[in-house]
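To start, the structure itself, in structure tokens.
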Amino acid sequence: MSTDFSNKGIRTQAIHAGEGHETGSHSSAPDLVMSSTFRVNREISFSANNLDSDAPYVYTRWANPTTDQLEDKLATLEQAEDCIAFASGMAATTGLLLGYLSRGDHLIICETNYPGTAELARHTLPRFDIDVTVVDTSDPANVGNALRDETRMIWLETPSNPLLNIADIAAIAEIGREHGALVVVDSTFATPIATRPLKLGADLVVHSLTKYIGGHGDAMGGSICGATELLAPLRTEALSHLGGVISPFNAWLIMRGMATLPIRMREHAANAIAVAKYLENHPRVESVIYPGLESHPQHELAAKQMDNFSGMLSFRVANSKDVARRMMSDFEVIHYAVSLGHHRSLMYLLRTEDLAETSYGLEGAGLEKYRSVAGDGLFRFSVGLEDPEDICADLDRVL
Ligand SMILES: *Cc1c(COP(=O)(O)O)cnc(C)c1O
């Protein structure tokens, strides 16, 4: 175990927490241990089920000294007892859903969110006889109304992809607690710099470390933070058995990126509000969605729940397909590419037709409701850390 940094400031935590596991090398930066297996010098069980927390390292799918340091750092930032790192955000998500839900259980999930999660909930879970209800979680009453005796889990994403809806974590955590359902928050867009869901009453927090936490677009990872008691069964089932273990090299890269997370988030938010205001005043732009704008329908809740409005915004223009084509050829700074949370600005058109059909299964009134906000498609814009003047000049070129 490394030094306890839980009472230090968040910038100090981002740099030092979790690091400094004594390996004998006295290195200042964390040691990178790529070994998949470890020499064993006492009799221990051959099953990950029987390993206690002070067991020696045996096999990297069970535990690894570099990954342990990343997990400690993440747990400190999320103010969690424990954390498990995974190979990707989706490995964490799959591990959590399959680790906790069984045949006959009921899951309530937000109606629009990260497409991978949305598709897993709609297409994969029903194959295991897990019932799924999708609701608009921007109103906690909708969650209350969807509860059943079998409801085992409530899954939130806030701010959500791509509409940037905010879920009131404290209010929904209260509903979950009263009912005995686990409340899970995918906090990838917020990061622990903006929101600490566990402090607001949530049970578990999921991150795609591929995004803001790693922050540089060069390593995939995922994590689950929460109480040790809740994570212990996931360590064996979700990690050791499903096997979505993170490469120690990626854990090391993500830890390196995390050191600057508080400073990056401050600049992401500053750039995003500058760009959001520029877009709001642009004659070709029909609407801009950013939780930091007063025009966001849930701006007040966002201000209450978030210490930082993050760098994610969405906007709408006419003839979005033509604009997307111009972006692909004419951008000088912004990359027309999926993903988000990197120092490089990333832009992508999320076409309503595609999302409605493949990810969200929207039709009728649900489709109309989505269309009323997103039109034919939304540009999802992960505002990077370049000079805001250069970002706006790029937008000027294509709009
Ligand atoms: C990217 C993302 C995921 C999935 O993470 P991967 O690391 O790409 O597997 C899950 N949730 C949200 C909100 C994301 O943005």
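The values are calculated or read from the model by the stated rules, or taken from the named source; none is laboratory data. All figures in this text were calculated on a predicted structure; none of them were measured in a lab. Please note: Cβ atoms are built from the backbone with ideal geometry, for glycine as well, and neighbour counts cover all protein chains shown.
Observations
- Residues of segment 378-395 satisfying the condition of being within 24 Å of Ser160 (Cβ to Cβ) and either assigned by TED's automatic domain parsing to the domain that holds Val134 or of a type outside the set (Ser, Thr, Tyr) (or both): Leu378, Phe379, Arg380, Phe381, Val383, Gly384, Leu385, Ile391, Leu395
- Residues of segment 319-373 that are more than 16 Å from the ligand (Cβ to nearest atom), surrounded by 13 or more Cβ atoms within 10 Å (Cβ to Cβ) and on the phi > 0 side of the Ramachandran plot: Gly361 alone.
- Given (1) within 16 Å of the ligand (Cβ to nearest atom); (2) within 30 Å of Ile15 (Cβ to Cβ); (3) buried (at least 22 other Cβ atoms within 10 Å of the Cβ), number of the condition Thr112 does not satisfy: (2)
- Complete set of residues in segment 63-109 that are away from the ligand (no atom under 16 Å from the Cβ), among the hydrophobic types (A, V, I, L, M, F, W, C) and either surrounded by fewer than 21 Cβ atoms within 10 Å (Cβ to Cβ) or not in a strand (DSSP E or B) (or both): Ala63, Ala75, Leu77, Ala80, Leu101
- Residue within segment 24-34 that is closer than 29 Å to Gly116 by Cβ, touching a Leu at 6+ places or on another chain (Cβ under 8 Å) and surrounded by fewer than 21 Cβ atoms within 10 Å (Cβ to Cβ) present: no
- Each residue in segment 205-226 was checked for being within 13 Å of the ligand (Cβ to nearest atom), in contact with a strand residue (DSSP E or B) (Cβ under 7 Å, 6 or more places away or on another chain) and closer than 17 Å to Gln69 by Cα, and 7 pass.
- Applying the condition of being among the charged types (D, E, K, R) and within 14 Å of the ligand (Cβ to nearest atom) to segment 149-204 and asking which residue is nearest to Asn113 (Cα to Cα) yields Glu157.
- Evaluating Asp354 against the criteria (1) in contact (Cβ under 8 Å) with a residue 40 or more places away in the chain; (2) under 15 Å from Pro162 (Cβ atoms) leaves one unmet condition, (1).
Yes/no matrix, rows are residues, columns are (1) aliphatic (A, V, I, L, M); (2) within 27 Å of Thr133 (Cα to Cα); (3) not assigned by TED's automatic domain parsing to the domain that holds Ala118:
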| site | (1), (2), (3) |
| --- | --- |
| Gly341 | no, no, yes |
| Leu346 | yes, no, yes |
| Leu355 | yes, yes, yes |
| Tyr360 | no, yes, yes |
| Glu363 | no, yes, yes |
| Lys369 | no, yes, yes |
| Asp376 | no, yes, yes |
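- Any chance Thr112 is in a loop (DSSP other than H, G, I, E, B), closer than 14 Å to Tyr360 by Cα, assigned by TED's automatic domain parsing to the domain that holds Arg152 and under 15 Å from the mean Cα position of the chain (by Cα): yes
- Within segment 302-314, residues that are on the phi > 0 side of the Ramachandran plot have Cβ atoms under 6 Å from residues that are assigned to a helix (DSSP H, G or I) and not polar (S, T, N, Q) in these pairs: Ser310/Ala194, counting only partners at least 6 apart in sequence or on another chain.
- Of the helices (runs of 4 or more DSSP H) lying entirely inside segment 291-399, those containing at least 1 residues that are within 24 Å of the chain's Cα centre (by Cα) are 299-305, 364-374.
- Among the residues of segment 302-325, those that are of a type outside the set (A, V, I, L, M, F, W, C) and farther than 15 Å from Val373 by Cβ comprise Lys304, Gln305, Asp307, Asn308, Ser310, Gly311, Asn319, Lys321, Asp322, Arg325.
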